[in-house]
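Q: I'd like to ask some things about the structure below.
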Amino acid sequence: MTTRPLEARDQPGGWRVLTATERGAAHVAAGLPNQDAVAAYPIGSYGAVAAVADGHGHRRHFRSSRGSRLAVAVACEAAQDLPGRIDRCPAAGQVEDETRAVLVPAITGRWRAAVSHDLDGEPFTPAQEASRAAIGDDAVIAYGSTLLLAVVWRQWLVLAQIGDGDIVAVQPDGGVLLPVPDDPSLDGWQTTSLCEPRAVDEFRAGVVDLSSTALLGVMLATDGYGNAQLADQWTEVFSQDLAELVATCDPESLADQLPVWVARCASGEGSGDDTTIALLLAPDRTELHRDQQQATEPPR
């Protein structure tokens, strides 16, 4: 079932966050739950945090739907502490250092603690425990999940990611910005994960100074979205289309369209995989787009 965007978490005058998720056709056919999760909250009167996660779904990761829900919850919780730390950072490099040194370890530590608490409340069944022990997996493997996180605070857009999925930032002219570096170890079949012992080291991060790099919006998407796109360079096409949409459509119209996008991607004609999006919209997106159009119009 498609969820409605979290309109109650929008803020007048601040960054708005719209979200939607859809169970993939393959999981519907197999009788499996949606392994994706999404969460979004305001930070102060202007900022926002959003997270999406994709549980691995493999039989070794038989509680990954729980793992993804725990991931977005603890990531948004940990991100609430970030603004007070980066207020003291004058440069993007320092913000990224703070993200890697403090935020990422906080997320991984809280996620493992949440997994332990979940296990205390509902231990594995004897069959699950026997299967896990036979493979030699640590209990946390059952909860394996990716995570994509965006935090907007004052002039900073802070991004962190472990595993696959896409973070796409849209510029006023429709240009695409991909602030988080690619991970060459992701081959479409295997992914890095929160359940790995070295998860802290596997995170990638990116920071955008919004005072010098204007953005209309940022999309976080699980891999069900990207895998449904036909074009190899789909992010460029997406960025052009989204620039026009976010500048000309009111948020309520976008809120109506977002579930349609994810449902199409999650269908048998798309990727067939669970698909989840969090779309962060800049408060001044309409003005930025109009100014860009005026700047590129030929003189009369």
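Q: Which of rounded, prolate, oblate describes segment 185-259, given a ≥ b ≥ c as roots of the alpha-carbon gyration tensor eigenvalues and a/c under 1.5 marking rounded, otherwise prolate only if a/b is larger than b/c? Spell out each step's value before the answer.
A: On the way: a/c = 2.17, a/b = 1.55, b/c = 1.40.
The shape class here is prolate.
Q: Moving on. If the viscosity is 1.567 mPa s and the temperature 4 °C, what translational diffusion coefficient in µm²/s does Stokes-Einstein give for segment 70-134 when Rh comes from Kirkwood over Cα pairs?
A: 94
Q: Need one value: the accessible area of residue 117 in square angstrom, 1.4 angstrom probe, rounded to the nearest 10.
A: Spelled out: residue 117, probe radius 1.4 Å, area about 140 Å².
Q: Any idea of the accessible area per residue across the chain, 1.4 Å probe, to the nearest Å²?
A: Result: 45 Å² of accessible area for each residue.
Q: Express in Å², to the nearest 10, the accessible area of residue 21 obtained by rolling a 1.4 Å probe over the protein heavy atoms while all chains stay in place.
A: Probe radius 1.4 Å; accessible area of residue 21 about 20 Å².
Q: Taking only Cα atoms and a 10 Å spring cutoff, compute GNM fluctuations for the chain and point out the largest among 75, 48, 255.
A: 255
Q: How high is the relative contact order of segment 1-150, in percent, counting Cα pairs under 8 Å that sit 6 or more residues apart? Could the numbers behind the result be given before it?
A: Values: 215 pairs, mean separation 37.7, N = 150.
Over segment 1-150, the number comes to 25 percent.
Q: Can I ask one more? Placing +1 at every Lys and Arg Cβ and -1 at every Asp and Glu Cβ, with all other atoms neutral, what dipole size does the chain have around its Cα centre, in debye to the nearest 20? Each step should come with its number before you reach the end.
A: Values: 22 positive and 42 negative charges, 129 e Å.
Value, rounded to 20: 620 debye.
Q: Using a 1.4 Å probe, how large is the accessible area of residue 116, given in Å² and rounded to the nearest 10?
A: For residue 116, solvent-accessible area is about 60 Å².
Q: If you place +1 on the Cβ of every Lys and Arg and -1 on the Cβ of every Asp and Glu, how big does the dipole about the Cα centre of segment 37-189 come out, in debye to the nearest 20? Display every interim value, and only then the final one.
A: On the way: 12 positive and 19 negative charges, 68 e Å.
Computed about the Cα centre, the dipole is about 320 debye.
Q: In the chain, which whole DSSP H runs stretch at least 18 Å along their own axis (Cα) and average 0.5 or higher on the Kyte-Doolittle scale?
A: Span-like helices, by this rule, are 64-79.
Q: Can you report the principal axis dimensions of the chain using only the alpha carbons, biggest first, rounded to whole angstrom?
A: Over the chain, Cα extents along the principal axes are 76, 47, 37 Å.
Q: What does the helix-only formula give at 222 nm for the chain: each DSSP H stretch with n ≥ 4 adding -39500 (n - 2.57), the total divided by the residues, and the result rounded to the nearest 500 deg cm²/dmol?
A: For the chain, the value works out to -11000 deg cm²/dmol.
Q: How much of the accessible area of the chain, probe 1.4 Å, is carbon plus sulfur, in whole percent?
A: 50
Q: Kindly write out, for segment 37-45 in residue order, the coupling ³J(HN,Hα) from the Karplus curve 6.51 cos²θ - 1.76 cosθ + 1.60 (θ = phi - 60°), rounded to whole Hz, with x marking Gly and Pro.
A: Working through the residues one at a time gives 8, 8, 8, 7, 8, x, 10, x, 9 Hz.
The values are calculated or read from the model by the stated rules, or taken from the named source; none is laboratory data. What you are looking at is a predicted structure, and each value in this text was computed from that prediction instead of being measured. Virtual Cβ from ideal backbone geometry, glycine too; neighbours counted across all protein chains shown. These accessible areas exclude ligands, DNA and RNA; they are computed on the full protein's heavy atoms, side chains included. Shrake-Rupley method; radii C 1.70, N 1.55, O 1.52, S 1.80 Å.
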